[in-house]
Structure formats: structure tokens, C-alpha cells
Amino acid sequence: MAAPSDVQQVPPPAAGLPPALAEPLAAFLDHLQFERARSVHTIRAYAGDLRSLFAFAAERGASSVDDLTMATVRAWLAAQRTAGGAPASVARRAASVRTFGAFAAERGFAASDIAGRLRQPAVPAALPTVLDADQIDAAIRTRAPADAPAPADPDLVAVRLRDGALLEMIYATGVRVSEVTGLDIGDIDHERRVARVLGKGGKERMVPFGRSAAAALRGYLDDGRPVLAAGSDAGGRALFLGVRGGRLDPRSVRRVLAAALTAAQLPVVGPHALRHSAATHLLAGGCDLRLVQELLGHASLATTQRYTHVSVERLRSALSQAHPRA
């Protein structure tokens, strides 16, 4: 299983900040990376939020963490809202400041927690985007090698085999994009149809997958991956390879799904919609909520429970259209 090596690409603290702001920011990013094993995406989000706050505060004379006041933080958040920031984004920025404030006080970069009294902004609940089973089936079928133009191009067939196996695996297991691209060949137990997944915070879990995904994986490993790996060892033991033989990256996964949905004449959504769909379809089929939580790798059952709301909303919509007294 591949370690999240892209964490090493976290950019350094912003140039131009006073040293008494740049140093604690750098220490905080190291703390997130090496002590808390946060994903590169999480670290970049924290880094961007705090650079924005520090630049805002520096323009108002702040030169150290102790110069950051609640008034400054609140003014910065208000400026984010005025600039059109989405409620979820503003809430995340507030969470970034709260986490940093606790760290700075604990490590001696500040005399007290600068944001301990900062209230978390309310975020309107938004239901996740979900595709139905027929839509997902239609998208996956567009990746069938048999649909490739004749004469068949071995490289094109290999890519289609990979794309089909990739989409099957995401939908079958509900894994995150970073998790599926992090899979190695040795993480797949074909006999038991189980994948070993490295999730958030470096937590490992075993995720089962069905016969359809197993067949797609076998076809890709037999006839697709060897073609993509030919002449290059850049991908090592990575399960899913790009056209140049290196490990497939999350951005490419988004392109693969977008192309499949476009070919199926469906609205384009992100790969996370497949994860949402897998969870919703499992719950609609009677799967226990805690089993779905374990499958998805959610730390909190409350995160999984939102998929029950999706099923209820769909039922309400169907009722309003079909019931004579709705």
C-alpha cells in the first residue's frame, strides 16, 4: 500500500510574513503532516486559510501570534463572507483558526489560545449528490473495450480496461479517490475479494468488493496494466497506472469519470458522488448503518447518517409525485 507521499508537496509558509508568524505556521504544518498524519489536501487547506489570515492581520500591524485578536479573526471571517465565500468554506476557515490557536498556545507560540472563544459558523445541511444504479451502470459500460474503434488500439483498450476497473472499484467499495489511487497490487486479495485501504490519518481498513468489480480488476490486471506498465517502472507496484506508466493521480480519476458520464449523456459529477451513491444504495438495500460506517472509514456515525436523509428525501419526492393526496 502506497504511503501518502504527496504530503511532501505541501508548500512552505508564505514569503513576506513576519518571522514570528511564519515560524509557528511552519511548525503547525509539520505538526499536521508528521504528528497527525493529515492528508495533503487537508494540510493545504489549513495552510491557505492561515496564510490568508496572517496576511490580513499583518496589514493591520500584527507581527506575532499574540498580536492576533478575536476582533481581527472575526473581521477576517467577515471579509471572507463579504467576498462571497460559501458558508462551508467560511466554517472550515474558522475551524482552521481554532485548531491553530490551540496548537500555538500548547507549543508556546502564543500566551493564550487566540481562538478558543470563536464560535463555529452554522452551515446549512446539504444532501450529497447521488447517482442511481442505472446511471452508474451506463457510465461504466461506456468504458467497455468492445466499444473502442476498430482496429483496436492496444493502448486504448488498456486504458478502457483500467477505467472500467477503476470506476467499478470506487462504486463497489465507496473508497475515496486518494484511497483508490493509493492501492498497490498486493493490497488486493482476489480470492476473498477484499482490498486493504489506507484511509485518513493513516488508518487501515479491509473493504470487500463484489463479483463485477473482481471481474473488471482481473481483466485489467491481465490485459490492461501490462500494456500501461510496458517500458516504465515509474508506477512500481501501483494498482492503477497512468498512460505513462506512473501511479494514477486523483486528478486523472476525475477526468476518467467525467469522460464516462459525458459519453453516457449524464450530468458530470465528481468521483465523491460514486462514494455517496455506494453508501446510499447500501442503506436503501437494508445494510446496517454501522457496517456502512466501517466500509467508508467514517470516524463518526453522524457522518454516515446523512445518507439516511438522502433516502428519506428521495422517498418524499417519490411520494409527492405519486400519491393522490400528497
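The values are calculated or read from the model by the stated rules, or taken from the named source; none is laboratory data. Keep in mind that what you see is a predicted model, and the values were worked out from it rather than measured. Please note: Cβ atoms are built from the backbone with ideal geometry, for glycine as well, and neighbour counts cover all protein chains shown.
A few notes on this one:
- The range 190-203 - residue that is part of a loop (DSSP other than H, G, I, E, B) and among the charged types (D, E, K, R) and, of those, surrounded by the most Cβ atoms within 10 Å (Cβ to Cβ): Arg193
- When we screen Thr181, Thr129 for residues that are polar (S, T, N, Q) and either at positive phi or at pLDDT below 95 (or both), the only hit is Thr129.
- Some residue of the range 265-275 being among the charged types (D, E, K, R), crowded, with 18+ Cβ neighbours inside 10 Å and outside the structural domain of Leu183 (by TED's automatic domain parsing): yes
- Residue in the range 124-132 that is of a type outside the set (Ser, Thr, Tyr), farther than 19 Å from Asp49 by Cα and surrounded by 17 or more Cβ atoms within 10 Å (Cβ to Cβ) present: yes
- Of the residues Leu248, Leu266, the single one that is touching a residue at least 24 places away in the same chain (Cβ under 8 Å) and under 12 Å from Asp163 (Cα atoms) is Leu248.
- Count of the range 98-110 residues which are surrounded by fewer than 17 Cβ atoms within 10 Å (Cβ to Cβ) and not in a helix (DSSP H, G or I): 2
- One residue alone among Ala91, Ala62, Ala115, Ala95 is touching a residue at least 24 places away in the same chain (Cβ under 8 Å), surrounded by 15 or more Cβ atoms within 10 Å (Cβ to Cβ), part of a loop (DSSP other than H, G, I, E, B) and assigned by TED's automatic domain parsing to the domain that holds Leu21, and that residue is Ala62.
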